[in-house]
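K.L.:
Got a structure here, written out as structure tokens. Questions coming.
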Amino acid sequence: MKNSVSRRTPWLISVGAAALAAALLRRWQLASAFEPDTGLATPGAQASVVLVCLLVMAGAWLILLAMGRSGGPDPTRRWDMVFVTRGDPVFPTLTVGAAVLAALSVPVLFVVGVDQFQLYQMAREVGAQPPSNNGMLTLATAAGALLAALGLLQMGRDGLRPGRRGRGGFSAALPGVAGCVWLMESFRAHAANPVQWDYAPQLIAIVVGMGFYMDFAGMSAGAPRPRRLLWMAGMTVILSAPPLATVLAELSARLATGGSLLSAETGDALLLLSQLLAAAGVLWRLPPYLERSARPSPEEASIEEETTDE
């Protein structure tokens, strides 16, 4: 138990501190790095430079953290069984929490998409210039969020029922595939915005989250890359923090003016929190398994035997 905690500690502290710093720097950037009249980004703003430096240094530090220890991952280990073990409820709890957040985004995005579609149809009926968004991508994002929730729920179920491995690779791939639609919708919503700092952090977070889920799926599909998965999980948490700070600031401003919570920003916040929790679960579960000996523990051996018998 002590070894497990000691191996997790550097990852949890490093990623947690970097994510918190990135969120605070993003808030500083929102307050100081944009022209008050035009909303354009100020070239060379101190907050922007410091934020970029922090993200680059965090990525480099996580590479060193993943590759710095002697030895490599055990090539004989059943990597598809790493997330299906007894006695550790943290990973399945975080994964189920991620599934719940993704599921909560579905009705929000559905309502937003239906409203957008109705506005588009009304404009066409009266002969006015229709808006550029007909709501279809938002509805597709809601459908993708539902698939992501189902995949995350299956992953959490597998972790809660040791010895009964499910379709881990397929389940973990669902949130990654859903991220493709979310990425298209996020880009469409900001395609005409000349200020890249307004939307680039969220696009980058979505892309890295997609890569994280694909590597997660590879653990159960015969292509395990545990060190890269750890790096992707850490960067998913860190890179999700700045856009999360942005959408929370936008939601606060919206509520202050009497706006509704049923908005695209709420959907983005829920999906960002979902991938953040899923990545945090991997950061909790995976580090203790990187440098164990080839001989599994009695609990792992019993789970492998049960799964093999099935």
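The values are calculated or read from the model by the stated rules, or taken from the named source; none is laboratory data. Please read all numbers here as calculations on a predicted model, not as lab measurements. Cβ sites come from the backbone with ideal geometry, for glycine too, and all protein chains shown count toward neighbours. We work out accessible area using only protein heavy atoms, side chains counted, and drop any ligands, DNA or RNA first. Shrake-Rupley method; radii C 1.70, N 1.55, O 1.52, S 1.80 Å.
K.L.:
Determine whether W231 is at pLDDT below 80 and among the aromatic types (F, W, Y). Give the steps one after another, and end with the answer.
P.N.:
Numbers: at pLDDT below 80: no; among the aromatic types (F, W, Y): yes.
When the stated conditions are applied, W231 does not pass them.
K.L.:
Kindly check whether there is at least one residue in the range 32-41 that is in a loop (DSSP other than H, G, I, E, B) and open to solvent by less than 60 Å² (accessible area, probe 1.4 Å).
P.N.:
Yes, because at least one residue in the range 32-41 is in a loop (DSSP other than H, G, I, E, B) and open to solvent by less than 60 Å² (accessible area, probe 1.4 Å).
K.L.:
Would you mind finding the one in P175, P243 that is open to solvent by less than 30 Å² (accessible area, probe 1.4 Å), in a helix (DSSP H, G or I) and at pLDDT below 90?
P.N.:
On the way: P243 fails: at pLDDT below 90.
Checking each option against the conditions leaves just P175.
K.L.:
Has the range 142-160 got any residue that is in a loop (DSSP other than H, G, I, E, B) and at pLDDT below 90? So that I can check it myself, show each step before the final result.
P.N.:
Here is the first cut: in the range 142-160, the residues in a loop (DSSP other than H, G, I, E, B) are none.
Looking through the range 142-160, none of the residues is in a loop (DSSP other than H, G, I, E, B) and at pLDDT below 90.
K.L.:
Moving to a separate point now. Tell me the residue from A253, A294 that is at pLDDT below 80, open to solvent by 30 Å² or more (accessible area, probe 1.4 Å) and more than 29 Å from L174 (Cβ to Cβ), please.
P.N.:
Answer to the selection: A294.
K.L.:
Right, next: Among the listed residues Y199, Y213, which satisfies the condition of being modelled with pLDDT of 80 or more, open to solvent by 20 Å² or more (accessible area, probe 1.4 Å) and not small (G, A, S)? Walk me through how you get there before you give the answer.
P.N.:
On the way: Y213 fails: open to solvent by 20 Å² or more (accessible area, probe 1.4 Å).
Checking each option against the conditions leaves just Y199.
K.L.:
What number of residues within the range 188-209 are aliphatic (A, V, I, L, M) and under 16 Å from the mean Cα position of the chain (by Cα)? Give the steps one after another, and end with the answer.
P.N.:
Going residue by residue through the range 188-209, those that are aliphatic (A, V, I, L, M) are 189, 191-192, 195, 200, 203-208.
Adding the requirement that they be under 16 Å from the mean Cα position of the chain (by Cα) leaves 200, 203-208.
Count: 7.
K.L.:
In this structure, does G127 turn out to be modelled with pLDDT under 80 and in contact with a Ser or Thr (Cβ under 8 Å, 6 or more places away or on another chain)?
P.N.:
On the way: modelled with pLDDT under 80: yes; in contact with a Ser or Thr (Cβ under 8 Å, 6 or more places away or on another chain): no.
For G127, the condition - modelled with pLDDT under 80 and in contact with a Ser or Thr (Cβ under 8 Å, 6 or more places away or on another chain) - is not met.
K.L.:
For the range 42-51, give me each residue that is β-branched (V, I, T), open to solvent by less than 70 Å² (accessible area, probe 1.4 Å) and not in a loop (DSSP other than H, G, I, E, B). Spell out the reasoning first.
P.N.:
Residues of the range 42-51 that are β-branched (V, I, T), as a first pass: 42, 49-50.
Retained after the next criterion (residues that are open to solvent by less than 70 Å² (accessible area, probe 1.4 Å)): 42, 50.
Correct list: V50 only.
K.L.:
Within the range 23-53, track down each residue that is touching a helix residue (DSSP H, G or I) at 6+ places or on another chain (Cβ under 6 Å) and over 17 Å from D198 (Cα atoms).
P.N.:
Of everything in the range 23-53, nothing turns out to be touching a helix residue (DSSP H, G or I) at 6+ places or on another chain (Cβ under 6 Å) and over 17 Å from D198 (Cα atoms).
Yes or no, residue by residue, for (1) open to solvent by 60 Å² or more (accessible area, probe 1.4 Å); (2) at pLDDT 80 or above; (3) in contact with a Leu (Cβ under 7 Å, 6 or more places away or on another chain):
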site	(1), (2), (3)
L54	no, yes, yes
W61	yes, yes, no
R77	no, no, no
F83	no, no, no
A98	no, yes, yes
V106	no, yes, yes
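K.L.:
Could you list, ordered by first residue, the pairs with Cβ atoms under 6 Å in which the first is in the range 262-291 and assigned to a helix (DSSP H, G or I) and the second is of a type in the set (F, W, Y) and at pLDDT 90 or above, at least 6 apart or interchain?
P.N.:
If the second residue must be of a type in the set (F, W, Y) and at pLDDT 90 or above, the pairs left are A279/F212.
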